[in-house]
1. Just the Kirkwood number for region 189-252, please: inverse of mean 1/r across all distinct Cα pairs, in Å, one decimal.
2. How many times 2.2 N^0.38 Å is the alpha carbon radius of gyration of region 60-122?
3. Which value, in Å to one decimal place, does the Kirkwood hydrodynamic radius take for region 141-221 when every pair of different Cα atoms is included?
4. For a quick size check, give me the Cα extents of the chain along its three principal axes, largest first, whole Å.
5. In a shell of Cβ-Cβ distance under 11 Å around Ala80, excluding Ala80 itself, what net charge do Lys and Arg (+1) and Asp and Glu (-1) give?
6. Multiplying the sequence separation of Lys171 and Asn230 by 0.36 nm and subtracting their Cα-Cα distance, what value in nm do you get?
7. Between Arg47 and Arg160, what length comes free when the chain is fully extended (0.36 nm per residue of separation minus the Cα-Cα distance, one decimal in nm)?
8. Tell me the net charge near Lys203. Cut-off is 12 Å between Cβ atoms, Lys203 excluded, with +1 for each Lys or Arg and -1 for each Asp or Glu.
Amino acid sequence: MIYDAVKTVLAKLDAQGAADHDDWEDQISARFASLSASYAELTKCERDLIDYSDLATQAAYVFRYALPHAEFNYDFLRLARQHIGAPLFSDTVMTVTSIGGGPGSELLGLLKYLSEASDEPKVKRIIYTVIDKERNWQHVLEEIISATKTKISIETLFQRCDVSSATINSKVTLDQEDVVFMSYFISEICSLPQDLEVKANLKTILQSLKKGKLLFYKDSSASTFYYYFNARIQNAGKYEQLFDLKKKYNLNAPTYDGIFKKYIDEYGYDPKPSSDALSKVLKRI
């Protein structure tokens, strides 16, 4: 499910880029290098948010990270279900938000989990909201959903939000959500120079989640990130931790073909093979 959807979308992005830009291959090669360099500096202060606005960066990201992050999220949900000892969800209609969700990797992982979890409710509809600084991810998210084979009806909403700004739109809230994902988001925003603004905006957002609703957190296991997240949760108040796991997620890589094999051969990069991550499930109380 996940590999086929991501492959279909990557092929579309690549075809569009090649049609629009004579130097498309050079752009892709440069974006692989710049993303790798940016992710290596996430703990450094006085840096800018990563710019995901252009098509080449989106294609490079989808190839390198969308597939593994979706699979890691599926694995996270499966492990959380085993640990908690009960179904994670309760309704056939779910309202789900991904904070910093970009192209929808969390949704892909959730869909795979729901398709295989026999004791979860037979979800018929998901209202899926992405809260993200980069509005240009919306077309990628829509392509991902279109390419995913599922019987679940999916309605998408996209809310632009830069948590480093002085103020955020009052419509950016979790007060209608059943489930919230925050995957590989804290690592991108915890060391920005606009620290006071980030902390205040995260407090506002996290406080808006209603009692009984779930927050699924996953990010690099670096202490900088999870200490920062723990402090933001404490500041928001009244969250109960249901699950806490530090592990290395490994991508069970398929036999790459099509556009994936082309990118591997041409650019010398593979999809991200693993992630040393800390995962948490929290319930608002």
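The values are calculated or read from the model by the stated rules, or taken from the named source; none is laboratory data. This structure is a prediction, so every number in the text was calculated from the model and none was measured. As a convention, Cβ positions derive from the backbone with ideal geometry for all residues, glycine included, and neighbour counts pool all protein chains shown. Calculation scope for accessible area: heavy atoms of the full protein, side chains included, ligands and nucleic acids excluded. Shrake-Rupley method; radii C 1.70, N 1.55, O 1.52, S 1.80 Å.
1. Numbers: mean 1/r = 0.0751 Å⁻¹.
Kirkwood radius, region 189-252: 13.3 Å.
2. On the way: Rg = 12.3 Å, N = 63, 2.2 N^0.38 = 10.6 Å.
Normalised Rg, Cα atoms only: 1.16.
3. Radius from the Kirkwood sum: 14.7 Å.
4. In descending order, the Cα extents are 54, 46, 34 Å.
5. On the way: positive: Arg78, Arg81, Lys218, Lys280; negative: Asp75, Asp244.
Local charge sum for Ala80: +2.
6. On the way: separation 59, 0.36 × 59 = 21.24 nm, distance 2.48 nm.
Net length gain for the segment: 18.8 nm.
7. Values: separation 113, 0.36 × 113 = 40.68 nm, distance 2.07 nm.
Stretched fully, the Arg47-Arg160 segment lengthens by 38.6 nm.
8. Numbers: positive: Lys199, Arg232; negative: Glu197.
Summing Lys/Arg as +1 and Asp/Glu as -1 gives +1.
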